[in-house]
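The values are calculated or read from the model by the stated rules, or taken from the named source; none is laboratory data. Computed from a predicted structure; not experimentally measured. Cβ sites come from the backbone with ideal geometry, for glycine too, and all protein chains shown count toward neighbours.
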């Protein structure tokens, strides 16, 4: 089944159902932009688009990218491979939007974050560039909601204490036109706590609800990997 034949009627999703997001630790808004922090499986997010932390060659072999590929089916990798064959590898900070295959979203935006090298290789600006480019792409595609992971913070080694504030700042500094909801998603409680801490420190963030970790039941997500491949995912 390809991305064209696998259809989900997003317009029929009730707004009340979307407000009861599984694993939601925090909800609020900034300038009429709905903000959620969700401790749950990224592949299960019912949003218009999902950000995938990718490598330059769009080979989805480990981490979140491999799990997304498993859920999406081979059509996701085929589209990415064809893009690389036609246009060449992406540069750090670049993005590419693909169809979602069997995922519960309309698009997957693959973003190439920087590998962390102690801040010696302009990682801060490259990370923000990757996030800003995803926001720009999402708005051009007229997406209304987006799920954002902590890009570069896993295999690429970017400390979450440094990356999370940069990611939040880049997401919120963009002049959003179509987007009405940004969802920060991770399965790691430390990362989730950092997203919450960062958002609550913002003077214009209006808190609506917050749950303690003990009140949330999270099913474990299995991370796929391929030890025979040389290029890891973020």
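The figures follow:
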| read-out | value |
| --- | --- |
| Residues satisfying the stated conditions in the range 1-29, i.e. at pLDDT 95 or above and within 15 Å of residue 180 (Cα to Cα) | 27, 28, 29 |
| Evaluation of residue 175 against (1) touching a residue at least 24 places away in the same chain (Cβ under 8 Å); (2) farther than 28 Å from residue 120 by Cα (one fails), failing number | (1) |
| In the range 25-46, the residues that are over 25 Å from residue 197 (Cβ atoms) and not in a helix (DSSP H, G or I) | 46 |
| Selection status of residue 67, surrounded by fewer than 24 Cβ atoms within 10 Å (Cβ to Cβ) and in contact with a helix residue (DSSP H, G or I) (Cβ under 6 Å, 6 or more places away or on another chain) | yes |
| Residue pairs meeting the criteria (Cβ under 6 Å; at least 6 apart or on separate chains; first within 22 Å of residue 23 (Cβ to Cβ), in the range 193-204; second in a helix (DSSP H, G or I) and modelled with pLDDT of 95 or more) | 194/160; 194/164; 195/164; 198/164; 198/165; 198/168 |
| Search result, residues across the range 36-52 that are under 15 Å from residue 188 (Cα atoms) and crowded, with 24+ Cβ neighbours inside 10 Å | 37, 38, 39, 42 |
| Flag if residue 167 is in contact with a helix residue (DSSP H, G or I) (Cβ under 6 Å, 6 or more places away or on another chain) and modelled with pLDDT of 90 or more | yes |
| Complete set of residues in the range 108-139 that are in contact with a helix residue (DSSP H, G or I) (Cβ under 8 Å, 6 or more places away or on another chain) and closer than 18 Å to residue 47 by Cα | 108, 109, 110, 111, 131, 135 |
